[in-house]
Amino acid sequence: MMPPSPWIATWAGLVPAGGAVLDVAAGAGRHATFFAARGHPVTAVDRDIGRLPPNSDLEIVRADLEDGSPWPLPGRRFAGVIVTNYLHRPLIPTILESLQPGGVLLYETFMVGHERFGRPTNPDFLLRDGELLELARDRLSVVAYEARLVSEPALAMVQRIAARKP
């Protein structure tokens with residue numbers, strides 16, 4: 001399995017010890033298993049749960065987050081919400097609502113300019129300049145933010161934020 005994103009690993013310590021973590025669009029589960037190994041109860045949500053490793057420490061929820069179905073975790077709040085390499089703008093208010101007070105959002109995905117390096121190329125799946133900062137404005141306290149070209153694991157234009165809900 002791929003190691004966790006360096007951004008997620010760097011800021012993981014912001015998530016309150018033992019607090020529940022939600023991994024949105026968890027993919028193969030690299031961040032879900034990372035947080036479970038750190039002692040967090042983890043809920044991993046993805047439409048293709050077959051890619052997630054069998055792990056008794058994970059609550060795995062199969063859900064297509066883009067088909068208009070209701071949010072699969074209504075009313076649940078988390079100490080940490082992790083989103084990487086995924087953008088579905090209609091889901092962002094729900095993601096923010098899923099943070100408990102004092103909870104931490106760690107979000108990292110592709111931004112405009114990435115299309116020259118590969119997929120995604122559709123602007124619907126690329127953050128606009130400063131978009132994560134705008135989402136946090138008046139809602140979250142920003143601890144760290146980047147919008148930059150990265151070279152590992154491949155060339156990519158990304159935006160990243162680590163922010164806490166007051």
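The values are calculated or read from the model by the stated rules, or taken from the named source; none is laboratory data. As the structure is a computational prediction, the values presented were derived from the model and not from experiment. A quick note on method: Cβ atoms are made from the backbone with ideal geometry, for glycine too, and the neighbour counts reach across all protein chains shown.
Find all pairs meeting these conditions: Cβ atoms under 6 angstrom apart; at least six residues apart or on different chains; first residue within region 154-166 and buried (at least 20 other Cβ atoms within 10 Å of the Cβ); second residue at pLDDT 95 or above and assigned to a loop (DSSP other than H, G, I, E, B).
A163/L140; K165/L140
Restricting attention to region 56-79, which residues are in contact with a helix residue (DSSP H, G or I) (Cβ under 6 Å, 6 or more places away or on another chain) and either assigned to a loop (DSSP other than H, G, I, E, B) or loosely packed, with under 15 Cβ neighbours inside 10 Å (or both)?
D57, R62, L65, W71
Residue by residue, here is whether (1) surrounded by 12 or more Cβ atoms within 10 Å (Cβ to Cβ); (2) of a type outside the set (A, V, I, L, M, F, W, C); (3) at pLDDT below 95 holds:
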{"position": "V83", "(1), (2), (3)": "yes, no, no"}
{"position": "L87", "(1), (2), (3)": "yes, no, no"}
{"position": "P101", "(1), (2), (3)": "no, yes, no"}
{"position": "Y107", "(1), (2), (3)": "yes, yes, no"}
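Looking at region 120-134 only, could you name the residues that are surrounded by 15 or more Cβ atoms within 10 Å (Cβ to Cβ) and farther than 17 Å from N85 by Cβ?
L133
Take A32 and tell me if it is in contact with a helix residue (DSSP H, G or I) (Cβ under 8 Å, 6 or more places away or on another chain), touching a residue at least 24 places away in the same chain (Cβ under 8 Å) and in a helix (DSSP H, G or I).
Spelling it out, it is not the case that A32 is in contact with a helix residue (DSSP H, G or I) (Cβ under 8 Å, 6 or more places away or on another chain), touching a residue at least 24 places away in the same chain (Cβ under 8 Å) and in a helix (DSSP H, G or I).
Just to be sure I understand, how many residues within region 1-29 are of a type in the set (V, I, T), farther than 17 Å from Q100 by Cβ and either at pLDDT below 95 or in contact with a helix residue (DSSP H, G or I) (Cβ under 9 Å, 6 or more places away or on another chain) (or both)?
1
Answer with yes or no whether A28 is within 24 Å of V158 (Cα to Cα), buried (at least 22 other Cβ atoms within 10 Å of the Cβ) and either in contact with a Pro (Cβ under 8 Å, 6 or more places away or on another chain) or of a type outside the set (S, T, Y) (or both).
Spelling it out, it is not the case that A28 is within 24 Å of V158 (Cα to Cα), buried (at least 22 other Cβ atoms within 10 Å of the Cβ) and either in contact with a Pro (Cβ under 8 Å, 6 or more places away or on another chain) or of a type outside the set (S, T, Y) (or both).
List every residue pair whose Cβ atoms lie under 7 Å apart, where the two residues are 6 or more positions apart in sequence or sit on different chains, the first residue falls within region 80-109 and is part of a loop (DSSP other than H, G, I, E, B), and the second residue, located anywhere, is of a type in the set (S, T, N, Q) and modelled with pLDDT under 95.
none
Pull out all pairs, ordered by first then second residue, where Cβ-Cβ is under 8 Å, the residues are six or more apart or on different chains, the first lies in region 117-138 and is of a type in the set (S, T, Y), and the second is not in a loop (DSSP other than H, G, I, E, B).
Sorted first by the residue in region 117-138, then by its partner, the pairs are T121/H114; T121/E115.
Restricting to region 5-25, name every residue that is in a loop (DSSP other than H, G, I, E, B) and surrounded by 20 or more Cβ atoms within 10 Å (Cβ to Cβ).
S5, V15, A20, A25
Restricting the search to region 31-55, which residues are among the acidic types (D, E) and surrounded by fewer than 21 Cβ atoms within 10 Å (Cβ to Cβ)?
If the condition is that a residue be among the acidic types (D, E) and surrounded by fewer than 21 Cβ atoms within 10 Å (Cβ to Cβ), then D48 is the only one that fits.
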